[in-house]
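Taking it in order: structure first as structure tokens, then the write-up.
The values are calculated or read from the model by the stated rules, or taken from the named source; none is laboratory data. All figures in this text were calculated on a predicted structure; none of them were measured in a lab. Cβ sites come from the backbone with ideal geometry, for glycine too, and all protein chains shown count toward neighbours.
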Amino acid sequence: MNNFYQRLNKTLFSPTVLGHVCVVQIALLVFAFPITSAIPVILGINSTPVNIALKSLYLLIAIYLFIGGILRTESRSISYAGIWVIAFWILYSVRLIYDREFVGLKFGASAFKFYSIAFGSCLFTALAVVLNTRYVKLQVAKNVFYVTILLACLSVIVTILKVYGTLNLAVIASRAAFYIEIEGDEIAVLNPITISFSGELLAIFSLANILLFKNKKRANFFYLISFFIGLFVLILGASRGPLFAFVILLAFLFLVYFWYVRKTQMFFFKLFATPLVLLILFIQFVLPNVEWKNIEIINRLLIFAEGRSTGEKEVRNYLWESAWQQFLEHPILGDQFLERSYLHYPHNIYLESLMATGIIGGTIFLSLIVYLLLLIFRHVLNRQKVVIFSLLLLAALLANFTSGSLFGSVRLWIMIAFFGSITQREIQLFNER
């Protein structure tokens, strides 16, 4: 029997295979959703069979990774981030099951779908990633993630061309989204937030490759093109959250670059001259030739600014207020996993953690977030290679300030598992030098 396990560990569950499969699983679940959503739209078919087949594939990959991680002795020592995730989900699982099965609080049409997303896609897949991140090669992960994000944005563009027949923002004049028609009803298969999020990731990841790595001129030119593709897709989705997050990530990236780069006189000249030239070109050639009032993201920003000035509230503001009030009324163990005003998740996972699990669970979750932020700060100071992955984690964390839920944010839990584990490995290697 021992010989059998040894053969498995050297072949089917070898570190190289587990590492590569782990990278593919992360890429599929975190970045590839626009690609898979484009399939039924382009072909004009029901998305349900496609989704079932893909989810079955993801589950099989997660089971494979989990078994491989358990069989390999070194995988049984998990990262601190993994321990935090398990601790929080023990409490959170009790809340979900109790509220749904005993209180009768429902969300979604099917209990199976609800539990499969929460425990299958979020928790189980995150644990599989935690067990196998130690085998991931950073360069492979960086390349696979970049290609997947690029293909996701290209899929959005191709599908927009099919649906709208144009890429002119002024002609589209609305938030781009993917729909299919089934028995006379339009069913959304990809929302604008995810479209903008994909554009945000491509733009910031491409720029990071230019600023943080030494590349050939041809590679930098390619990254520059993909940067503008990302910006275009970001604007197509017309979602404010990803746009604000992009600005924050851009500021963070330039701070990191400023910390790393050798500060010569030429550097400071480029630092001030480049934005000035771009601003002049924008004012001279772009500003007069674009019908800004017809572009949805501009309108949404103007409406948002007007609402802030007049004190007008959005539905999201009421969700936040309700979630905070529930926490104040049930501070120790929390109230329920949905807020009471709209029986919906509050579109802010940080408030949601306090609302659903109180101080006990909320402290565990928020401590995990603080721990990850401290890891990012340490990696920036030590100039470690994982800094570029911190941008992906920060994007997921920022996205969940204004959308997403603890029980449904697959990309958040997977990125927490990946970054928390890969960074602990890099710290150990750094300390051993």
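Before moving on, here are some points about what is shown:
- Total residues in segment 88-122 satisfying the condition of being buried (at least 21 other Cβ atoms within 10 Å of the Cβ) and of a type in the set (A, V, I, L, M, F, W, C): the figure is 5.
- Selection over segment 364-375 of residues that are under 26 Å from Gly199 (Cα atoms) and surrounded by fewer than 20 Cβ atoms within 10 Å (Cβ to Cβ) gives a count of 2.
- Every residue from segment 101-135 that is farther than 26 Å from Met415 by Cβ and not hydroxyl-bearing (Ser, Thr, Tyr): Glu101, Phe102, Val103, Gly104, Leu105, Lys106, Ala109, Ala111
- Scanning segment 1-32 for residues that are modelled with pLDDT of 90 or more and among the aromatic types (Phe, Trp, Tyr) returns a single hit, Phe31.
- Applying a threshold of 7 Å to beta carbon distances and a minimum spacing of six or more residues, or different chains, the list of pairs starting in segment 250-262 at a residue that is at pLDDT below 85 and ending at one that is loosely packed, with under 15 Cβ neighbours inside 10 Å reads Tyr260/Arg383; Val261/Phe267.
Conditions (1) over 29 Å from the mean Cα position of the chain (by Cα); (2) farther than 29 Å from Leu253 by Cα; (3) at pLDDT 70 or above; (4) in a helix (DSSP H, G or I), marked per residue:
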position: Ala273; (1), (2), (3), (4): yes, no, yes, yes
position: Phe285; (1), (2), (3), (4): yes, no, no, yes
position: Gly307; (1), (2), (3), (4): no, yes, no, yes
position: Asn317; (1), (2), (3), (4): no, yes, yes, yes
position: Ile332; (1), (2), (3), (4): yes, yes, yes, no
position: Leu368; (1), (2), (3), (4): no, no, yes, yes
position: Leu374; (1), (2), (3), (4): no, no, yes, yes
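- The lone exception for Lys313 - which of (1) of a type in the set (Lys, Arg); (2) over 24 Å from Leu201 (Cβ atoms); (3) at pLDDT 80 or above it fails: (3)
- Filter pass, Ser37 being more than 24 Å from Cys153 (Cα to Cα) and among the polar types (S, T, N, Q): no
- Count - residues of segment 326-363 that are among the aliphatic types (A, V, I, L, M) and surrounded by fewer than 21 Cβ atoms within 10 Å (Cβ to Cβ): 6
- Any hit, segment 68-76, residues being at pLDDT 90 or above and among the aliphatic types (A, V, I, L, M): no
- Total residues in segment 36-70, condition over 13 Å from Ala128 (Cβ atoms), touching a residue at least 40 places away in the same chain (Cβ under 8 Å) and surrounded by fewer than 20 Cβ atoms within 10 Å (Cβ to Cβ): 5
- Conditions (1) assigned to a loop (DSSP other than H, G, I, E, B); (2) in contact with a strand residue (DSSP E or B) (Cβ under 9 Å, 6 or more places away or on another chain): number failed by Glu352: (1)
Yes/no matrix, rows are residues, columns are (1) of a type in the set (D, E, K, R); (2) farther than 30 Å from Thr11 by Cβ; (3) not in a loop (DSSP other than H, G, I, E, B):
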residue: Gly69; (1), (2), (3): no, no, yes
residue: Glu74; (1), (2), (3): yes, no, yes
residue: Ile78; (1), (2), (3): no, no, no
residue: Ala87; (1), (2), (3): no, yes, yes
residue: Phe114; (1), (2), (3): no, yes, yes
residue: Leu131; (1), (2), (3): no, no, yes
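- Scanning segment 204-223 for residues that are more than 13 Å from Lys142 (Cα to Cα) and not in a helix (DSSP H, G or I) yields a count of 3.
- If you go through segment 43-67 and keep only what is part of a helix (DSSP H, G or I) and not aliphatic (A, V, I, L, M), you end up with Ser47, Thr48, Pro49, Asn51, Lys55, Ser56, Tyr58, Tyr64, Phe66.
- Residues of segment 79-117 satisfying the condition of being farther than 23 Å from Leu372 by Cβ, polar (S, T, N, Q) and at pLDDT 90 or above: Ser116
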